[in-house]
Amino acid sequence: MITPAFELSQDPTFLILTIRVPYTRTSEFDLYIDGDDFKFYAKPYFLRLTLPGKIVEDGREKATFDIDKGLFTLHVPKETAGEHFEGLQMLTSLLAPKGSRSAKPLVEDMACSGIVDGEEEDDEEEFDWQVEQEVYMDTSEEQLKELQKYGFGSQRSGVFTRLQEELSDVIDIQNPDRTTGSERRRKRLDAETSIFCPDHYLADLFEDEEIQGLLKFLPWWSDLCPDSIRQGEAAVSFTDDEKEQLRKFTNHSYILDKKSRFQVWLSLVDIILAYCYELRTTEGEHNVESPWTIRKLSGTLCWLETYSSMQEVLVSFGRRVLCYPLYRHFSLVSAAVQDAARVFQSGKACVLKCLLDIHKVFRENEPAYILNDLYITDYCVWIQRVKACGLYCLPQCCSGVPMTETEASVTVHTDLKKQMDSALCSTRCVSTRERSV
């Protein structure tokens, strides 16, 4: 069966489904409507959706079929008139997972509240005994201890043992499957300290005409008006390519404990910060360096880093901006933080659109596609299921962390600060001697 292209919209009374089924006949259409369960069949197409609200079949439904375009448009009444259905743009989350009878997970995480409580709470349902099984392979305790975890929610291991040739082109850490989290962080900090270039930093600090031009750039989410921001996802539209990619994702649930969920949120901030910097410095036009820039500025993607606080995320991002890219100016750090806060404030749809853009950038780059498998694809699916309140807390968390240039110079790293101060002092001494002469 083929899953057709589809879109959902709504008005106060009806849910509107638009399904593209070319080369079919209306006499072969078959519909099933029962509360939040919707099924459509027209050989060879089959669509099954778990809706965010209930619809009814009471005689008011109406349908049209455009033969030339192959578009079937169906208006179905809402059970409660005036109810707003959330998440109609989250196409992946609407598709029921393969091998199950609904979009509900077989194992539920009954979490409490707060920023880390992103999963939607589902009602308990009967266990599906037809779940796919795999042959058990015994793994020794020594092997389990040796393999380190990384990826989305730290749920992957052993990936790079099979990809040794691509390792250096994707991440900076060597042998990640045998390197602990504390060792990764220590090596990351050492690498940043050793590569920091005071001359490059000073050149961007004093010759900043081009950087000032980049600071005036307005990314696409700047067009969202305040009213749109409060509505969140309704203000963001997806391209046909983005909708097609959403339909290709496999919908499934993520079972994360409290600590893992918190780390997932922080890593998401880290990735979005890197994306915001890249988008601003290329003025919205990705280039061949875009995969490298996004990957390099994100400690999550480049070093498989896990964070425990927002302070660590922002300091790590600030360090990497001052060490690696073409433009190394603290004003760009501040601008990227403001951009990321605006993205999260604009809701799930805005974050999802950014993630889809990252997914496309990595998908079109030969080694970087591995990062999609490790992080971005899971984020694209997971973000569609989280509660919006978690997103709206992030801008406040970002703004609550001190990130002025003086404070960043102190918190970025003592060694970096010494190098910066030494370079600045040398420049001032030269200027003083020139004036005395």
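The values are calculated or read from the model by the stated rules, or taken from the named source; none is laboratory data. Since the structure is predicted, the reported quantities are computational estimates derived from the model, not experimental observations. Here Cβ is always computed from backbone atoms with ideal geometry, including for glycine, and neighbour counts include all displayed protein chains. Quick note on the areas: whole protein, heavy atoms, side chains included, nothing else; ligands and nucleic acids left out. Shrake-Rupley method; radii C 1.70, N 1.55, O 1.52, S 1.80 Å.
What FRET efficiency, computed as 1/(1 + (r/R0)^6) with R0 = 35 Å and r the Cβ-Cβ distance, is obtained for F46 and N175, rounded to the nearest 0.05? Efficiency, from the Cβ-Cβ distance: 0.15. Summarising the amide proton neighbourhood of Y45: residues at separation of 5 or more, or on other chains, whose placed amide H is nearer than 5 Å comprise I2. Taking θ as phi - 60° and the Karplus parameters 6.51, -1.76 and 1.60, the scalar couplings of region 148-156 work out to 8, 9, 7, x, 4, x, 6, 10, 10 Hz in sequence order, x denoting glycine and proline.
Grab the beta carbon distance between K39 and T239, set R0 = 25 Å, and tell me the FRET efficiency rounded to 0.05. Rounded to the nearest 0.05, the efficiency is 0.40.
Backbone amide hydrogens, once placed in the peptide plane, bring F14 within less than 5 Å of K78, excluding anything fewer than 5 places away on its chain. Pairs exceeding a 29 Å alpha-carbon distance, out of K187/K259; K187/K216; K216/K348; K216/K258; K54/K360; K39/K258: K187/K216; K216/K258; K54/K360; K39/K258. Ordering 33-39, 149-155 by mean Cβ neighbour count within 10 Å, with the highest value first, yields 149-155, 33-39. Determine how large the accessible area of H84 is when every protein chain is in place; take a 1.4 Å probe and give Å² rounded to the nearest 10. Rounded to the nearest 10, that gives 110 Å².
Does region 161-309 come out rounded, prolate or oblate, given a ≥ b ≥ c as the square roots of the eigenvalues of its C-alpha gyration tensor, rounded meaning a/c under 1.5 and, failing that, prolate meaning a/b above b/c? Oblate, because a/c is 1.5 or more while a/b does not exceed b/c. With R₀ fixed at 22 Å, the C-beta to C-beta distance from D199 to T282 puts the FRET efficiency at about 0.35.
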